[in-house]
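K.L.:
This is the structure, below, for whatever I ask next.
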Amino acid sequence: MNAGKSILFAVVLLLAGCGGGGADDDISAPAGTPAADADISLLFMGNSHTAANDLTGMVLEMVRAAQSGKTVAAVRSPGSMFLEDRIDHEPSITLQRSQDWSFVILQAQKYSSSGQFEYSTAEAVELVRMAREQKAVPILFPEWPRKDVNETQRIYDLHVSIAQQEPACVAPIGQAWDLALERDPTLILYAQDGNHSAPAGAFLTALILFATITGAAPQDLPVLSQFAVEQETQALLRTVAHDTVQAWPPRTWCPELAAQ
């Protein structure tokens with residue numbers, strides 16, 4: 001790593017430790033191996049759906065649990081914004097280009113809540129291309145549907161259309177939420193606003209991202225007691241995640257991983 005990159009990561013870790021400017025303005029780097037030195041490095045770009053309930057930390061701990069003997073690090077890009085805004089956000093792009101990440105997880109593609117309008121996907125396609133230029137595997141993160149709104153397939157298909165333009169994995173997150181609530185309607189996956197995640201919803205989302213990143217079976221993960229999700233709920237969500245990725249393989253559109 002050259003001197004400029006070393007300075008950048010010193011600043012990244014300093015900002016994460018200080019926590020100045022509020023959660024949505026911080027570069028989030030869970031404690032542990034610096035991303036530049038980790039065997040597996042994860043870069044998350046998204047908005048409040050990525051920031052809430054320590055989703056980044058959940059994915060990090062799941063990957064660590066499955067990849068014994070390897071160091072894992074995760075960083076969340078600064079700010080909370082749509083991908084169409086992220087592409088012009090200099091701190092995010094500088095961070096993305098600062099090293100060869102293992103995986104870049106992209107969330108916050110804008111979509112029409114009514115289904116009557118179309119928003120540009122060109123910026124998401126470009127972010128996927130940039131990740132590939134940095135030798136990372138890009139993962140598209142379709143958001144779960146809003147509570148009581150039938151929009152899983154529409155959101156998923158939108159992200160598939162991006163991956164068909166520029167290869168990327170597509171995580172079947174909405175399908176997992178639908179299946180979980182079908183099996184247990186009493187699950188509290190949503191926050192009170194009916195849009196963001198509750199801890200269990202974040203945990204299920206993390207399981208799908210974990211399976212996408214590693215190719216490992218979610219059912220094989222141990223209980224992660226550091227997160228505010230009961231053991232029985234974790235067990236149910238692991239089974240739901242396992243069944244979801246069997247039915248909706250997330251690596252279909254990322255050819256270097258599809259055969260693994």
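Just so it is clear, none of the values below were taken in a lab; they were calculated from the coordinates. Model, not experiment: these values are computed from the prediction. Using ideal geometry, Cβ is built from the backbone for each residue, glycine included, and neighbour counts are taken over all protein chains shown.
K.L.:
So what is the relative contact order for the chain, in percent, with contacts set as C-alpha pairs under 8 Å and at least six apart?
P.N.:
Reported relative contact order: 17 percent.
K.L.:
Now, a different point. Residue-wise, which Karplus ³J(HN,Hα) couplings in Hz belong to region 142-149, taking 6.51 cos²θ - 1.76 cosθ + 1.60, θ = phi - 60°, and x for glycine or proline?
P.N.:
For region 142-149, the Karplus-derived couplings read x, 6, 5, x, 5, 4, 6, 10 Hz, x marking Gly and Pro.
K.L.:
Here's another thing I want to ask about it. Can you give the charge dipole size of region 3-253 about its Cα centre, rounded to the nearest 20 debye, using +1 on the beta carbon of Lys and Arg and -1 on the beta carbon of Asp and Glu?
P.N.:
Charge dipole of region 3-253: 520 debye, to the nearest 20.
K.L.:
If you restrict to DSSP beta bridges whose two residues both lie in the chain, what percentage is antiparallel, to the nearest 5?
P.N.:
Once the DSSP bridges in the chain are tallied, antiparallel ones form about 10 percent.
K.L.:
By per-residue mean of other Cβ atoms within 10 Å, what is the highest-first order of 99-107, 111-119?
P.N.:
Output ranking for 99-107, 111-119: 99-107, 111-119.
K.L.:
Okay, next question. If you keep only loop residues by DSSP, which trypsin sites (Lys or Arg not before Pro) in region 56-143 have at most 15 other Cβ atoms within 10 Å of their Cβ?
P.N.:
Filter output for region 56-143: LYS70, ARG97, LYS135.
K.L.:
Taking square-rooted eigenvalues a ≥ b ≥ c of the alpha carbon gyration tensor, is the chain rounded, prolate or oblate, where a/c under 1.5 means rounded and, failing that, a/b exceeding b/c means prolate?
P.N.:
Taking the square roots of the gyration eigenvalues as a ≥ b ≥ c, the chain is rounded.
K.L.:
Right, something else. Which of rounded, prolate, oblate describes region 52-116, given a ≥ b ≥ c as roots of the alpha-carbon gyration tensor eigenvalues and a/c under 1.5 marking rounded, otherwise prolate only if a/b is larger than b/c?
P.N.:
oblate
K.L.:
Tell me which of PRO145, VAL104, ALA198 sits at the most positive position along the dipole axis of the chain, charges placed on C-beta atoms (Lys, Arg +1; Asp, Glu -1).
P.N.:
The one lying farthest along the dipole's positive direction is VAL104.
K.L.:
Please report how far the C-alpha centroid of region 217-239 lies from that of region 69-93, rounded to the nearest whole angstrom.
P.N.:
Computed from Cα coordinates, the inter-centre distance equals 27 Å.
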